[in-house]
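Scroll down for the structure; my scribbles are underneath it.
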Amino acid sequence: MDFRHIFVPFNFYSNFMFLAPSILVFIIFLTLQIIILLIFLKAFSSRQRSKKGSNQPVSVVIAARNELNNLKTLLPKLYSQGHSDFEIVSVDDRSDDGTYDFLYEENKTQPLLKVVTVKDTPNKMNPKKYALTLGIKAAKNEIILLTDADCIPESDQWVQSMTSQFGVDTTDINLGVSLYQKQKGLLNAFIRFETINTAIQYISLALSGLPYMGVGRNLAYKKELFLKNKGFNSHIDITGGDDDLFVNKHASGKNTSVSLGSETLIYSIPKTSWSDFFRQKIRHISVGKHYKFKHKLILGLISLTHLGFWTALIFSGVLLMEPYILMSGFILRTLLLYLTFMTACKKFGVRFDLWGLVFLDFIFVFYYLSIGIRALFTKRVRWS
């Protein structure tokens, strides 16, 4: 009788244990990355079509500092929004480029527009948060919809689509997606990739019942929630965080909803130089130090496994170790990455050129490592 088949599991285990340490590390990081991508994919794949609520009154709030040209583009887009009852609250934050005069003249002819002016910011208060606080307090409606002056709604149904979720009594916060306009060049491709990648993370986790951030370019919440929790008081002196820190502190799986699709999209003007982009991202990432511990742990795990996967792949590949394992793992993760981006972009209502996805994913590792280290030691950043 042949007993050799009994020892197959033992031989497999022995062979596995005698693999080079770098290959074992690669397999561990590969496995974790596959699990993470499957969680993202499941969140988007299982999303049900959202229920439409009633046309409740909405206040669109914009804080602007020296944004004259951008306001000239944005405000007409907001005036034409297909919502039956909304106002636009534009806060002029100490502008010296003619913004005040422009808003003053607009206010004479546009009944939808309400203008709030900031002349001075109190000591130890972040200027943008102070401007937003005045705008929210001046808003006459319960539902607050936030965006920035350099943003453009993709649709004239943006206000309606981003606020319809408030027809459900349990919704206090609604998250939207804001992307960047497509332009030529590697920088623009990377900015758009980084923004979609970030959106995949925070939207998929919110859909999974674990919301941890939102973007102020496309975010809605109830005024009552803002006032009851004293607005940005817990992080008033931190530059940034008027969006993600507020959501991080007050959002839960029960009170937070998500709006997806082309009608909910906001597009922003991207940076045109690497230095400006890096400064912007350092400001954004530095705020992450103030997230709840469980969110920092999850995001740290996502970043660590991403870095570990590529590092172990390159190191083992250079040493020509187990090429079949490396190639198989690389192909499997790449297929899942493409499937995740394709599914998410379809849900977002956006087209993204996927031909360079692997390259962008590769350089993202070194970008995030560099920016993360700089953000960790950055103490002061400014609201321009």
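A few remarks follow.
- Taking the criterion of being touching a residue at least 60 places away in the same chain (Cβ under 8 Å) and assigned to a helix (DSSP H, G or I), the residues of the range 217-226 that qualify are LYS223, GLU224, PHE226.
- Count of the range 116-131 residues which are closer than 19 Å to GLY216 by Cα and touching a strand residue (DSSP E or B) at 6+ places or on another chain (Cβ under 8 Å): 5
- The number of residues in the range 321-364 being over 26 Å from LEU265 (Cα atoms) and touching a residue at least 24 places away in the same chain (Cβ under 8 Å) comes to 10.
- Each residue in the range 148-163 was checked for being touching a strand residue (DSSP E or B) at 6+ places or on another chain (Cβ under 9 Å) and assigned to a helix (DSSP H, G or I), and 5 of them qualify.
- Answer from GLY209, GLY214, GLY176 - the residue that is closer than 19 Å to ASN248 by Cβ, without any contact (Cβ under 8 Å) to a residue 60 or more places away in the chain and either acidic (Asp, Glu) or buried (at least 19 other Cβ atoms within 10 Å of the Cβ) (or both): GLY214
- Of the residues making up the range 284-291, none is in contact with a Ser or Thr (Cβ under 8 Å, 6 or more places away or on another chain), outside any strand (DSSP E or B) and of a type in the set (D, E, K, R).
- PHE232 meets the conditions (1) of a type outside the set (Asp, Glu); (2) closer than 22 Å to GLN157 by Cβ; (3) at pLDDT below 95; (4) crowded, with 21+ Cβ neighbours inside 10 Å in every case but one. The failed one is (2).
- Selected residue [touching a Lys or Arg at 6+ places or on another chain (Cβ under 7 Å), closer than 27 Å to ARG217 by Cβ and part of a helix (DSSP H, G or I)] from PHE246, PHE277: PHE277
- Check on ILE266, at pLDDT 95 or above and in contact with a Cys (Cβ under 6 Å, 6 or more places away or on another chain): yes
- Residue satisfying all of: in the range 150-173; crowded, with 23+ Cβ neighbours inside 10 Å and among the small types (Gly, Ala, Ser); modelled with the lowest pLDDT among these: SER164
- The residue list ILE298, ILE314 contains one member that is outside any loop (DSSP other than H, G, I, E, B), over 19 Å from the mean Cα position of the chain (by Cα), of a type in the set (A, V, I, L, M, F, W, C) and at pLDDT 90 or above, which is ILE314.
- Long-range neighbours under 9 Å by Cβ, at least six apart or interchain, first residue farther than 11 Å from ASN248 by Cα and surrounded by fewer than 17 Cβ atoms within 10 Å (Cβ to Cβ) within the range 274-299, second polar (S, T, N, Q) and modelled with pLDDT under 95: PHE278/SER370
- Test: residue in the range 256-265 that is touching a Leu at 6+ places or on another chain (Cβ under 8 Å), farther than 19 Å from GLU142 by Cα and buried (at least 23 other Cβ atoms within 10 Å of the Cβ): yes
- The condition of being in contact with a helix residue (DSSP H, G or I) (Cβ under 6 Å, 6 or more places away or on another chain), within 19 Å of ALA64 (Cβ to Cβ) and β-branched (Val, Ile, Thr) does not hold for VAL159.
- Residue match in the range 253-276 (condition: in contact with a His (Cβ under 7 Å, 6 or more places away or on another chain) and of a type outside the set (Asp, Glu)): no
The values are calculated or read from the model by the stated rules, or taken from the named source; none is laboratory data. Source: prediction; values computed, not measured. Glycine also receives a Cβ, built like all others from the backbone with ideal geometry; neighbour counts cover every protein chain displayed.
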